[in-house]
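Let me begin by presenting the structure, written as structure tokens, before commenting on it.
The values are calculated or read from the model by the stated rules, or taken from the named source; none is laboratory data. Note that the structure is a prediction, hence the values are computed from the model and not measured. Virtual Cβ from ideal backbone geometry, glycine too; neighbours counted across all protein chains shown. Heavy atoms of the whole protein, side chains included, go into the accessibility calculation; ligands, DNA and RNA do not. Shrake-Rupley method; radii C 1.70, N 1.55, O 1.52, S 1.80 Å.
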Number of protein chains: 2
Amino acid sequence: MNAFEWYNPTKLVFGADKVGQLGELIEPYGKRILLVYGGGSIKKTGLYDDVMFQLRNIDATVHELSGIEPNPRLSTVNRGIDICRTEGIEFILAVGGGSVLDASKAIAAGALYKGNVWDFTIRKAIIQDALPLGTVLTLAATGSEMNGNAVITNWETKQKRGLGSKLVYPRFSILDPKLTYTVPRDQTVNGIVDMMSHVFEQYFTLTTDIPLQERLAESVLLTVIENGEKALEDGTDYDARANLLLAGTYALNGTLPNGVTTDWATHGIEHEVSAIYDIAHGAGLAILFPNWMKYVYKERISKFVQYAVRVWHVDPTGKSDDEIALEGIAATRAYFTRIGAPATLGEVGINDEHLERMAEEATQFGPIGSFMLLSQDDVLNILKASL
Amino acid sequence: MNAFEWYNPTKLVFGADKVGQLGELIEPYGKRILLVYGGGSIKKTGLYDDVMFQLRNIDATVHELSGIEPNPRLSTVNRGIDICRTEGIEFILAVGGGSVLDASKAIAAGALYKGNVWDFTIRKAIIQDALPLGTVLTLAATGSEMNGNAVITNWETKQKRGLGSKLVYPRFSILDPKLTYTVPRDQTVNGIVDMMSHVFEQYFTLTTDIPLQERLAESVLLTVIENGEKALEDGTDYDARANLLLAGTYALNGTLPNGVTTDWATHGIEHEVSAIYDIAHGAGLAILFPNWMKYVYKERISKFVQYAVRVWHVDPTGKSDDEIALEGIAATRAYFTRIGAPATLGEVGINDEHLERMAEEATQFGPIGSFMLLSQDDVLNILKASL
């Protein structure tokens, strides 16, 4: 096990109708609120009205930034930063899925920084201060509700990059499983893939003697696999939605990576794909991850054997490690296909035109990953195998 | 799954030689430090010198409270409170195991309260403010390093009671597995039982549809069971000590009980036993828990079947649920015995003299537990079965 630090000050408020606590949760931070949301589905579902009721109850002055894109854009983040500065915003309330939350974190950090918020993503500056933010989550997927990370896209340069700081952990996150009842099927699928991929990035590691972290990761995977299918069968199954929501939070709230060298190469590759093609993050991960697995599994086959047996219940009797490992990877692909996720870049309309550029961008700071260190050529091979 | 809130702001600093960061971790909180520790073993191991070196480096003024008992006493806590008030203490540093940490939390809360700190344990007052505290943990057991709870004993009235508040979460906890190398065998054993018991209290629940929480709990149990035996075989096995230390933290840092109705009856009973007889908490739990299990398992036998199969790998083929459940309980007792924990009250010198009083005290606020609600008679039955 490696040395590590763990710190996560987000207050999670989980359960049906917990939006009713929103007013009291915000009140300590101020009354000048920036409300950030996406395409307006929260107006259809009535959540917008519930939120506004809470904000009126504490006499808040509310400014709105709506229309956050699925891959939130730098230009949108900058609009939010402008509102914060002009209107003296004291607190940012993000209502939506991971994109809305990520945009809000970038706005929170950018609002108190004199330079361009993009600086944080290219390591030109470190976040020194940020406005406080809170969230009402409407989609189980990114884990952004309980961590200090965000991903935004610079559409002009076609770059998708991350920023992170303990200063942008949400002060609170409200997780009501009922708010995810209306998530469309494709977004539920993308969320399932996203959560599983987060676990993969922390589970496939060369770090040894981490039995607890391995089992915790397997616990999250098994929960997502089982409850993902249940939620797709019946979108209003409270327990399935609740289990999925909670698993998504545990997948990326710092519970799993303690003492572990994590990978994140596949996320890096996917970011380059979706920066150019604007496909859903989950769709990109579904296409890429099994191909990454096949490319790297021999680096430590025992890990993939364990994965096959514990997560997919592959019967190892009479099989070679190679066969067991490949059966686990095939089970991963089969699950993704069964729930309706794409398996090839071709299925989402991507050909080989920009693969070299993606591989180059993904490795611009050097080789990526840790389970296997991937060079530009390695990344290109994985992308080609995904066509 | 139930609704819940989760908030844990403790910063965990985990790894070999992390005491070297102590100075910088304390510095933001002030220079007037109360150093709290136990019987002086930290002087033998050199940890005391390392801590003092760190404190000198930040020009701290250090007052000491040593001699914290294994079941920390109200009178000792009051001595600490007096020092805090007299010397204008700004930060409390607890160096030791759970008892030292618990005493420090009580001191932190009591120092800023005008009444008797015991008020917090008998629900006469709620903690409104507390001095900040940090910890250097030397024993894997209580989980006190990453939660807001403490247990203290009033030796005059022979009462052992808990207090809790988010205000007494340690600001940081340093966990160096090497600091646990010198833990004596019996204390390692007690720690193992304590950690497993914490999980039991959260795992044996009537709450349904909690697949993630169940698996997380099983993950911690399996890790403790495997690594407990390894640490007993070789006390300087870094990975075994590290896994045990981390498992102990996860067992009681709020990871497991989210959305779950927890039990805690057996802890309540044990507190009455050790309040009168001053036995080690872990020893008391080892005696009581399998007897509690046998008394309650029929309330939801499926839970005990799952426990037997997943945790103790009981082969269910051709067996009744009753047989499987009882085999799991027997495996628990066998493990405790194998590592050297006591199985009966008689073994630790306790006869039936005070059992009625224990049962009465344990249920003084009404029936206890949730898996099965235990009346005074039920508690007495469990105590008698433990003789």
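Before moving on, here are some points about what is shown:
- Projected onto their three principal axes, the Cα atoms of the stretch B:185-385 cover extents of 43, 38, 34 Å, largest first.
- Rounded tilt (10° steps) of B:281-296 against the dominant C-alpha axis of chain B: 30 degrees
- For chain B, the relative contact order comes to 16 percent (Cα pairs under 8 Å, sequence separation of at least 6).
- Cα-Cα separations in the stretch A:324-377 greater than 19 Å, expressed as whole percent: 54 percent
- log10 of Debye I(q)/I(0), alpha-carbon scatterers only, for the protein assembly as shown at 0.07, 0.08, 0.11 Å⁻¹: -0.53, -0.69, -1.30
- About its Cα centre, chain B has a charge dipole of approximately 720 debye under the convention of +1 per Lys or Arg Cβ and -1 per Asp or Glu Cβ, with nothing else charged.
- Protein accessible surface hidden between A and B, which excludes ligands and nucleic acids, total in Å², probe 1.4 Å: 3600 Å²
- Take each residue in A:6-17, count the other chain C-beta atoms within 10 Å of its C-beta, and the mean is 6.
- Relative to the longest principal axis of the Cα atoms of chain A, the long axis of helix A:301-312 lies at roughly 60 degrees.
- Relative frequency of Cα-Cα separations exceeding 15 Å in the stretch A:1-62, percent: 62 percent
- Rounded to the nearest 10 degrees, the angle from helix A:376-385 to the longest Cα principal axis of chain A is 80 degrees.
- Computed over protein heavy atoms with a 1.4 Å probe, the carbon and sulfur contribution to the accessible area of chain B reaches 48%.
- Dipole moment magnitude, nearest 20 debye, the protein assembly as shown about Cα centre, only Lys, Arg, Asp, Glu C-beta charged: 1420 debye
- A:THR261 long-range amide H proximity, modeled H, under 5 Å: A:THR207
- Rounded to the nearest 5, the antiparallel percentage of DSSP beta bridges internal to the protein assembly as shown is 30%.
- Close amide H partners of B:GLN159, meaning residues 5 or more places away or on another chain with modelled amide H under 5 Å apart, are B:ASN154.
- Cα Rg, Dmax, the stretch B:11-179, angstrom units: 14.6, 43
- Inter-centroid distance (Cα atoms) of the stretch B:353-387 relative to the stretch A:247-272, Å: 46 Å
- Probe 1.4 Å, all protein chains present, accessible-area order of A:MET146, A:MET372, largest first: A:MET372, A:MET146
- Applying the Karplus relation 6.51 cos²θ - 1.76 cosθ + 1.60 with θ = phi - 60° to the stretch B:136-146 yields 3J(HN,Hα) values of 10, 8, 10, 8, 7, 6, 7, x, 4, 5, 9 Hz, where x marks Gly and Pro.
- In this structure the amide hydrogen of B:THR142, modeled in the peptide plane, comes within under 5 Å of the amide hydrogens of B:GLY98, none closer than 5 places in sequence on its chain.
- Mean residue ellipticity, 222 nm, helices only, the protein assembly as shown: the sum of -39500 (n - 2.57) across DSSP H runs of n ≥ 4, divided by residue count and rounded to 500, is -15000 deg cm²/dmol.
- Lys, Arg +1 and Asp, Glu -1 on Cβ, resulting dipole of the stretch A:11-179 about Cα centre, debye, nearest 20: 540 debye
- Accessible area per residue for chain B is 36 Å², calculated with a 1.4 Å probe on protein heavy atoms, without ligands, DNA or RNA.
- Kirkwood analysis of chain B, using all unique Cα-Cα pairs, places the hydrodynamic radius at 21.2 Å.
- Annotated for the stretch A:11-179: lysine pairs at least 8 residues apart or interchain, Cα distance under 18 Å, count 13.
- Straight-line cross-link reach from B:LYS230 at under 19 Å between alpha-carbon atoms covers these aspartates and glutamates, not counting any fewer than eight positions away in the same chain: A:ASP209, A:GLU214, B:ASP176, B:ASP186, B:ASP194, B:GLU218, B:ASP239.
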